[in-house]
Amino acid sequence: MDPQKEVVDRLRSAFRSGVTLPVEFRRSQLKQLMSMMRDNEEQIIDALHQDLAKPKFETILAEIEIITNELHHAISNISSWMQPEYAATNLATKFDDCSIRREPLGVVLIIGPWNYPLQLLILPMVGAIAAGNCVVIKPSEVSPATDSLVAELIPKYLSQDCYAVIRGGAEETKALLEIRFDHIFYTGSQAVARTVVQAASVHLTPVTLELGGKCPCLIYGHVNIAIAARRLVWSKFFNAGQSCVAPDYVVCSTATRDALLPLIRQVLEDFYSTEPQKSPDLARIVSPRHWTRLMGLLGKTRGKVVVGGESNQEDKYIAPTVVVDVAEDDALMKEEIFGPLLPILTAESVEKGIELVNRKEKPLALYVFSDESSVVKTVMEKTSSGGFCANDGIIHMTLPSLPFGGVGASGWGSYHGRWGFEAFSHRKSCMLRGWALERLNGLRYPPYTENKLTWLRWTTSPNASCSMM
């Protein structure tokens, strides 16, 4: 038998046994994940440094703490999430017990990316476990050290009957997608997402897609430009720009751009010194192929490099780089950059900036920097994006009480906190009827009459209960 199919069949058998249903089991597995994160912090830090030269600070903040916070949130709230939600009734169903109950979907597949190879694999897994599913996770082979560590740790800490790691590259993933799952959760590129959707459609399997896109940052009106520069630089060059919610490009007036540039230069020096390649706080590009792609974009741009531009192929290093005089049809604007290259486009009013942004696909995140509430409100109301954050970047996705997900080409569905639980749950409508009011129920039985129809329409109308008072 195909070893992948054998793993899925084993998990499906466990799911059908009902072992994952009790809240005590779900909570115990989440606590085991918590132990895994706590016990293996140094190994996690080392693996992510091997894969991305990710600084310890960034690993703890964006890989370890965000998972730990999600686990605390799920463990604390899982009992309330599992409670039935009672539904309103009309006169015809007044004495019935009507509720919405969450039940697990079954055996689900989670395919993780390489840029946050632990966070973006384990966070959706938290929601899937909380919802009572069995889970197959597929780490990214592009981050091999983390891939190997996950494959080692998950079987040590979680039930091997209910949770499994399947490794491999494109061919193995293609074969995995031929197996029927009850849900597929994919984080990655839009190109691969199309393949995932096509494979899922064969089995009519629902999917959640966490993609990306070109996340804009608009800077207009009165603004504390010094603080804006620090927050922009941090959110853009965190993880060397390899974040799906990193500001992909800036839109501002010419005057704002000219005021911003010297501050960006100074902030970059403050953050990474005058020799950023030697800074321990700047990650590297994940692979030679991704380095080549980014340098290709930089080589094709018709814009002017005003900050950075230096690179080293052997070190997979690209300096934090800012490009100005960038046109809408420039090479840097044709695809998500996903690296430490920041184009700045100019539009002299916030209205023109919004028009520019709205000519593109809806992004995963959209940022506006302004001290003027009218500017923030205008941008928020006249644009569409998966998430929105004013006067900072990335931070909105760290709060488990906010849903995280895209819209349009930037993704389908959302997760984090309660939203992750919901993503992996089926909301089952339940009506528990008794034997009373049979005379009223008799209105629906043949022989049909106009009088019965009139009364039946009245009993099922929204105002029927009020009319009885």
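Only the coordinates and a few stated rules stand behind these numbers; no lab work does. Since the structure is predicted, the reported quantities are computational estimates derived from the model, not experimental observations. Cβ: placed from backbone, ideal geometry, glycine included. Neighbour counts: every protein chain shown.
Laid out as a table, the results:
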item: D (Stokes-Einstein, µm²/s), Kirkwood Cα radius, segment 131-289, 1.306 mPa s at 10 °C; result: 83
item: Cross-link pairs beyond the 24 Å C-alpha cut-off, checked among K5/K174; K156/K316; K56/K278; result: K156/K316
item: Loop-located GluC sites (Glu not before Pro) in segment 364-464, at most 16 other Cβ atoms within 10 Å (DSSP); result: E372
item: Entries in K300/K334; K214/K362; K54/K138; K138/K236 that, when Cα-Cα distance is taken, lie over 19 Å; result: K54/K138; K138/K236
item: Value of Rg to Rh for the chain (Rh from inverse mean 1/r over Cα pairs, i.e. Kirkwood); result: 1.06
item: Options S148, N358, I45, ranked by Cα towards positive dipole end of the chain, top entry (Cβ charges); result: N358
item: Sites matching trypsin sites (Lys or Arg not before Pro) across segment 369-469 that sit in DSSP coil, with at most 16 neighbouring C-beta atoms within 10 Å; result: R433
item: Per-q log10 I(q)/I(0), segment 216-399, q = 0.11, 0.17, 0.18, 0.19 Å⁻¹ (Debye; single scatterer per alpha-carbon; no solvent); result: -0.43, -1.08, -1.21, -1.36
item: Principal semi-axes in Å for segment 13-87 [√(5λ), Cα gyration tensor, largest first]; result: 31, 15, 10
item: Segment 277-308: trypsin sites (Lys or Arg not before Pro) in DSSP loop, at most 14 other beta carbons within 10 Å; result: R302
item: For S374, net neighbour charge (Lys/Arg +1, Asp/Glu -1) across residues whose Cβ lies under 14 Å away; result: -2
item: Cα-derived Rg to Rh of segment 318-469, Kirkwood definition; result: 1.27
item: Calculated P(r) tail over 22 Å for segment 65-199, as whole % of Cα pairs; result: 45
item: Axial C-alpha extent at least 15 Å, average Kyte-Doolittle at least 1.6 - helices from the chain (DSSP); result: 119-130
item: Gyration tensor (alpha-carbon) shape descriptor, segment 241-315, a/c threshold 1.5; result: oblate
